[in-house]
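A.B. asks: Take this structure, written in structure tokens, and hold onto it; I'll ask about it next.
A short reminder: the numbers here are calculations on the coordinates, not readings from a lab. Just so you know, these numbers come straight off a predicted model, no measurement behind them. So basically every Cβ, Gly included, is an ideal-geometry build from the backbone, and we count neighbours across all protein chains shown.
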């Protein structure tokens, strides 16, 4: 019996339905409510007042402190992406091209940071980076330094934590992309006289752009929305937009203020990522 | 057939009343870890047996409970009994989330050292746990410990201090204390933040566990800590001392309230009365080294070494104007972020 077009459409819809429902319930609805709350007047004695206002947006958009923190958060995201990319690419290349029987073990090592909770990992870093931590202790005892280095409770400590936690996402994305590149292309380029670096620059790097794009988006989004790492390793001295939003919404009880900050951040991040994707897509089209 | 019908009817008459008298269940907010295990093993079973009820603990932190209460509304209580710090409880009391407490149903309320009233003047919150706080210091590093809050500004303590961020209740209390001791007015928060800025550089803690960790590791040599934490650290072998500040002490406290929308208000009040009873207060003292919250409960002799503040010392603990603080919290946090957390 022939399957009609209507039946085909029905089965496609059925396949789509669970994901659509999931996104509707856990993404669209909360964000809609967030947007709704962001337009409510703030109150110090209830969640918000009746009516609607633009005051929360006007306040945040004209607040230089909010912009400074947002800019620092975005820069922190860009820096984490760049460092992760720099460290991950050689590793991903080696993983992708490896024919070792220990390859699966190497994968496990790469993703091992994800097997431990983020708070536990942060406490591990604290043991190493604290003023009286192992690194400073060792440097002091060997006479290399006279006073402890400020390795924690600053941006350096936060970056160390972020790079370690999010690097596996970059490695996995890059490995997948590099594996899809036919190694024969590199060998051919080398046989035609291209240096190892030229073959990498002209063939491997451009063809791995999809992996760079997905890895950098993942790492960027996770970094700028990170809460526990800046809180624990920043020691309340490295303020990021998520910390500011939580402070505003939960500590200061200003739900509308916090919601408007979240919406502004969301819009800016979506805009920046759209531009980034557009530029990379353009570059990838140019390769073809 | 008739016999079967008769037995069914008999069964129904037996089952229906038992369903109607189903056990009541109280839900109370509670912190995880030691508090949770203490309540579950040492507090709940006896009450549960006596009142033929169940007590369930909603494990979390005040921020979570507040968000849940606000999201649920005043008439739809996610918790029957709310235990939290006064900085948070004050806010919810003002918003009308806590019911008046009846002294007839909580006879031990008359013995409590601190009872909070709502806008109408009715009693609506009782402090059931007191952890007095003052100045902690490492005895092997600080030979001349600070004796007052003002002492913290002495040059000899520069670069040795640990404080709380202002979003922590102890951080809020310290800020109001600075206003009180330096400017004679808790509400001088801008001046107080500037004054605290003079103490830089110092480490900031988000919660008392972090302060304990920093003192234990020697990351800070002087900090603000409660006496139960000092007792724990002393027992763990940390060389730590504690000074009661000359001006006044501050505290971590737990306030018990009944949710306005609770369907079990009588049982909830019986539960609070039970928590305030000398027997349970003594259990708190023994387990957590807390200071008794009601008259008639003394610190046992064998614990006096670890509990420096007895019932007679409660009057030396400052109770702050959280209504002012909460109403200005956005501004205070903002100013703190700009001047301290940068």
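A.B. asks: Apply 1/(1 + (r/R0)^6) to the Cβ-Cβ distance of residue B:147 and residue B:67, taking R0 = 41 Å, and write down the FRET efficiency to the nearest 0.05.
C.D. replies: Details: r = 40 Å, r/R0 = 0.99.
E(calc), rounded to 0.05, equals 0.50.
A.B. asks: Please state the shape class of region A:1-129: rounded when a/c is under 1.5, otherwise prolate if a/b exceeds b/c and oblate if not, all from the C-alpha gyration tensor.
C.D. replies: Working: a/c = 2.55, a/b = 1.15, b/c = 2.21.
Because a/c hits 1.5 or more and a/b fails to exceed b/c, region A:1-129 counts as oblate.
A.B. asks: Which value at 222 nm does the protein assembly as shown reach when only helices count, each DSSP H run of 4 or more adding -39,500 (n - 2.57), with the total divided by all residues and rounded to the nearest 500 deg cm²/dmol?
C.D. replies: -16500 deg cm²/dmol
A.B. asks: Other chains near A:250-260: what is the mean number of their Cβ atoms within 10 Å of each residue's Cβ?
C.D. replies: Working: counts 7, 11, 9, 11, 3, 3, 0, 1, 1, 0, 0.
Rounded to a whole number, the mean comes out at 4.
A.B. asks: Follow-up question, since we're still on this one. Please arrange B:216, A:4, B:189, B:139 by counting, for each residue, the other beta carbons lying within 10 Å of its beta carbon, fewest first.
C.D. replies: Values: B:216 17, A:4 9, B:189 24, B:139 14.
Going from least to most buried by this count: A:4, B:139, B:216, B:189.
A.B. asks: What whole-number volume per residue, in cubic angstrom, does the convex hull of the C-alpha atoms of region B:298-342 give? Walk me through the numbers on the way to the answer.
C.D. replies: Details: hull volume 5.3 nm³, N = 45.
Value for region B:298-342: 118 Å³ per residue.
A.B. asks: Turning to a different aspect of this structure: Ranking B:198, B:219 by Cβ neighbours within 10 Å, fewest first, what do you get? Present the calculation step by step, with values, prior to reporting the outcome.
C.D. replies: On the way: B:198 9, B:219 23.
Listed from fewest to most nearby Cβ atoms, that is B:198, B:219.
A.B. asks: For region B:175-334, what is Rg from Cα atoms divided by 2.2 N^0.38 Å, rounded to two decimals? Walk me through the intermediate numbers first.
C.D. replies: Details: Rg = 18.3 Å, N = 160, 2.2 N^0.38 = 15.1 Å.
Rounded to two decimals, the normalised Rg is 1.21.
A.B. asks: In peptide B:61-70, what is the residue-averaged number of other protein chain Cβ atoms found within 10 Å of each Cβ?
C.D. replies: What the average comes to for B:61-70 is 2.
A.B. asks: Just want the ordering: A:135, A:264, B:130, from fewest to most Cβ atoms lying within 10 Å of their own Cβ.
C.D. replies: Values: A:135 16, A:264 20, B:130 29.
Arranged by neighbour count, lowest to highest, A:135, A:264, B:130 become A:135, A:264, B:130.
A.B. asks: Between residue B:36 and residue A:221, what FRET efficiency comes out of the Förster formula 1/(1 + (r/R0)^6) with R0 = 25 Å and r the beta carbon distance, rounded to 0.05? Could the numbers behind the result be given before it?
C.D. replies: Details: r = 35 Å, r/R0 = 1.39.
With R0 = 25 Å, the Cβ-Cβ based efficiency is 0.10.
A.B. asks: Determine, from the Cβ-Cβ distance of residue A:86 and residue B:331 and an R0 of 35 Å, the FRET efficiency 1/(1 + (r/R0)^6), rounded to the nearest 0.05. Kindly include the intermediate steps, with their values, before the conclusion.
C.D. replies: Numbers: r = 42 Å, r/R0 = 1.20.
Working from the Cβ atoms, E equals 0.25.
A.B. asks: Connecting C-alpha atoms closer than 10 Å in a GNM of chain B, tell me which of B:154, B:203, B:329 has the biggest fluctuation.
C.D. replies: Maximum fluctuation in the GNM of chain B, among the listed residues, is at B:154.
A.B. asks: Using a Gaussian network model of chain A with C-alpha springs under 10 Å, which one of A:150, A:242, A:41 is most mobile by mean-square fluctuation?
C.D. replies: Largest GNM mean-square fluctuation: A:150.
A.B. asks: Using a 10 angstrom cutoff on alpha carbons, build the Gaussian network for chain B and name the most mobile of B:315, B:169, B:124.
C.D. replies: Between B:315, B:169, B:124, it is B:315 that shows the largest mean-square fluctuation.
A.B. asks: Length gain on complete extension for the stretch residue A:268 to residue A:101, per 0.36 nm per residue less the alpha carbon to alpha carbon distance?
C.D. replies: Stretched fully, the residue A:268-residue A:101 segment lengthens by 55.6 nm.
A.B. asks: When the Cα centres of region A:137-200 and region B:72-90 are compared, how far apart do they sit, in Å?
C.D. replies: 49 Å
A.B. asks: Just need the relative contact order of chain A here, percent rounded to a whole number, with Cα pairs under 8 Å and 6+ apart. Walk me through the intermediate numbers first.
C.D. replies: Numbers: 300 pairs, mean separation 77.5, N = 288.
It comes to 27 percent, rounded to a whole number.
A.B. asks: On to the next question. Taking the convex hull of the Cα atoms, report for region A:115-257 its projected area averaged over all directions, in nm².
C.D. replies: Value for region A:115-257: 13.0 nm².
A.B. asks: Quick check: the distance between the Cα centres of region A:201-226 and region A:18-90, to the nearest angstrom?
C.D. replies: One Cα centre to the other: 23 Å.
A.B. asks: Which whole-angstrom value gives the distance between the alpha carbon centres of region B:249-295 and region B:147-196?
C.D. replies: When both Cα centres are located, 30 Å separates them.
A.B. asks: For a test of the definition: using alpha carbon positions, the gyration tensor, and the 1.5 limit on a/c, classify the protein assembly as shown as rounded, prolate or oblate. Numbers along the way, then the final one.
C.D. replies: Details: a/c = 1.95, a/b = 1.32, b/c = 1.47.
In terms of gyration-tensor shape, oblate.
A.B. asks: Let me ask another. Using a simple spin-label model with points 7 Å from Cα along the Cα→Cβ vector, what separation in nm is obtained for residue B:22 and residue A:52?
C.D. replies: Each label point is offset 7 Å from its Cα along the Cβ direction, giving 4.2 nm.
A.B. asks: Which distance in nm do the two modelled labels at residue A:139 and residue B:52 give, with both placed 7 Å along the Cα-to-Cβ direction?
C.D. replies: Calculated label separation equals 6.9 nm.
A.B. asks: To the nearest whole number, what is the average tally of beta carbon atoms from other chains within 10 Å of the beta carbons of peptide A:231-238? Don't skip to the end; give the middle numbers.
C.D. replies: Details: counts 2, 2, 0, 2, 9, 16, 7, 2.
Per-residue shielding by partner chains comes out at 5.
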